[in-house]
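Visitor: Please read through the structure below; I'll follow up with questions.
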Amino acid sequence: MTLEPVRAEIAARLHEARERTFELIAPLSDDDLHRQHDPLMSPIIWDLGHIAHFEELWLVRNLEGPVEFGEMPGVYNPFEHPRKVRGKLQLPSLDECREIMDEIRARVLRRLADVDFGDGNELLRDGYVYNMDLQHEYQHNETILQTLQLKQGMPYRARRRYAPPGPANGRRGDMVRFPGSRVVVGTEDRRAAYDNERPAHEREVAPFSIRVITTTNAEYLEFMRDGGYETRALWSDAGWNWLQEARVDSPKYWMRDGNDWCTRTMDRVESVQSDLPVCHVGYHEAEAFARFAGKRLPTELEWEAAARWDPSTNSTRDSVPSPANANIDQLSFGTAPIGSYPDNWSPLGCYGMIGDVWEWTSSDFLPYPGYKTFPYAEYSEVFFGSEYKVLRGASWATRSGVARSTFRNWDYPIRRQIFSGIRCARDD
Ligand code: AVJ
Ligand code: FE
């Protein structure tokens, strides 16, 4: 079999990823690109340089012989400078940065033309390292979108924005029941899955019920109007401590509008719409809301069972998420009314497991039994532990190439600038 079509496809996907990155930043001024818009986020020009140097590290240098992650140039090495100080780094102008990106990309393509996929290098098997690099760029696109939502100065205006297919279709009940089963969790995929998604392994999942939909703005407003943010009993100790310090009384980006609330998504300010999934809540708020609702957050194993286990066949059934069947791929610039994607149902009967908002789970970010780091510890391994909670499912700002039912995202419980929401579960 000739590998030429494979190489051409990889080149096309690299090109497409870069086009999207540049499309996202096209409306921005040099000041927009260099400014530290928020201590939580890097200047966007840093993300661009980091994307390029990550690519150089993996798609050029590592293919010539093993290179440690630490050999990434210091300025762009995320472990050398925390995000909040990156605005003080000496960073290139957009033109200079683009030149670096183009120059690195040219070397990547030259290497791709004669790389030997069959030489036993695990990085190259099934094109893994290219998929890993693509997913890195995709993930930084979502990071950039978080920054754009936090942007100082003029709000960000997207160049194009597609509408969800809608109209919202009927609901199918409040909760679905998972009957309890031994299920397969994780994957053996070696083409695209990250090390933290492997190995596929069996787990016993006890019966539980899970919400058909994610928490809507209307439901969250009830929590707010019922004094949710003032009711100590709804919050964990850590959550209550956070609340005393953060002094928030609504999701991030919500503002009072007389007796009502409005919210801002990039350059659009509108009254809070009842049938949209609530977005920009932290783990502590998600946990307090679930308690208010007489429920709890799902574990990530429960989440994955609800997303892909088919109890009628006793096997996993994964769909291929695309912007046609789920609100993903970052061009809708917002969440969509519940039910807008008629094909977005899991085998168990949950709507929208993939898309709209990342869903907080109650699980700490830990390795699966039998986990092996591949190819670098700095992706997952250095973050394993109880500091981070796992989020599942992808948001409207997630590119299709990283939207899948086994993908594990993680963040600090206090983070709210991410596109995060809630899906409640309950013991059976
Ligand atoms: C998986 C989203 C938590 O942004 O820290 C980007 C993704 N890793 N570059 C992050 C990532 C390296 C990662 N998250
Ligand atoms: Fe990165």
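The values are calculated or read from the model by the stated rules, or taken from the named source; none is laboratory data. For clarity, every value in this text was computed on a predicted model and none was experimentally measured. Glycine gets a Cβ as well: all are built from the backbone with ideal geometry, and neighbour counts include every protein chain shown. Just the protein is used for accessible areas: all its heavy atoms, side chains included, with ligands, DNA and RNA removed. Shrake-Rupley method; radii C 1.70, N 1.55, O 1.52, S 1.80 Å.
Visitor: Quick one: is residue 45 buried (at least 19 other Cβ atoms within 10 Å of the Cβ), at pLDDT 95 or above, away from ligand 2 (no atom under 16 Å from the Cβ) and outside any loop (DSSP other than H, G, I, E, B)?
Guide: no
Visitor: Still on this structure, I have one more. Across segment 250-266, what is the number of residues that are surrounded by 13 or more Cβ atoms within 10 Å (Cβ to Cβ) and part of a loop (DSSP other than H, G, I, E, B)?
Guide: So the count comes out to 5.
Visitor: Search segment 121-140 for residues being open to solvent by 10 Å² or more (accessible area, probe 1.4 Å) and part of a loop (DSSP other than H, G, I, E, B), and hand back the single one that is nearest to ligand 2 (Cβ to nearest atom).
Guide: 123
Visitor: Looking at segment 365-385, can you tell me whether even one residue there is closer than 11 Å to residue 283 by Cβ and within 14 Å of ligand 1 (Cβ to nearest atom)?
Guide: no
Visitor: A further question follows. So, in segment 320-330, of the ones that are touching a residue at least 40 places away in the same chain (Cβ under 8 Å) and open to solvent by 10 Å² or more (accessible area, probe 1.4 Å), which residue ends up nearest to residue 20 (Cα to Cα)?
Guide: Among residues in segment 320-330 that are touching a residue at least 40 places away in the same chain (Cβ under 8 Å) and open to solvent by 10 Å² or more (accessible area, probe 1.4 Å), the one nearest to residue 20 (Cα to Cα) is 329.
Visitor: Just to verify a result, which residue in segment 348-366, among those that are assigned to a loop (DSSP other than H, G, I, E, B) and out of contact with any helix residue (DSSP H, G or I) (no Cβ under 7 Å at 6 or more places or on another chain), is surrounded by the most Cβ atoms within 10 Å (Cβ to Cβ)?
Guide: Per the stated criteria, the residue is 356.
Visitor: Moving on to the next point. Considering only segment 48-96, how many residues are over 22 Å from residue 25 (Cα atoms), more than 13 Å from ligand 1 (Cβ to nearest atom) and not in a helix (DSSP H, G or I)?
Guide: The total comes to 9.
Visitor: Return only the number of the condition from (1) within 21 Å of the chain's Cα centre (by Cα); (2) of a type in the set (A, V, I, L, M); (3) surrounded by 23 or more Cβ atoms within 10 Å (Cβ to Cβ) that residue 301 does not satisfy.
Guide: Status for residue 301: all satisfied but (3).
A quick yes/no check of all residues on (1) open to solvent by 20 Å² or more (accessible area, probe 1.4 Å); (2) without any contact (Cβ under 8 Å) to a residue 60 or more places away in the chain; (3) in a helix (DSSP H, G or I):
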| position | (1), (2), (3) |
| --- | --- |
| 202 | yes, yes, no |
| 220 | no, no, yes |
| 238 | yes, no, yes |
| 242 | yes, no, yes |
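Visitor: Out of everything in segment 387-414 that is in a loop (DSSP other than H, G, I, E, B) and touching a strand residue (DSSP E or B) at 6+ places or on another chain (Cβ under 7 Å), what residue ends up being nearest to ligand 1 (Cβ to nearest atom)?
Guide: Looking at residues that are in a loop (DSSP other than H, G, I, E, B) and touching a strand residue (DSSP E or B) at 6+ places or on another chain (Cβ under 7 Å), I get 408.
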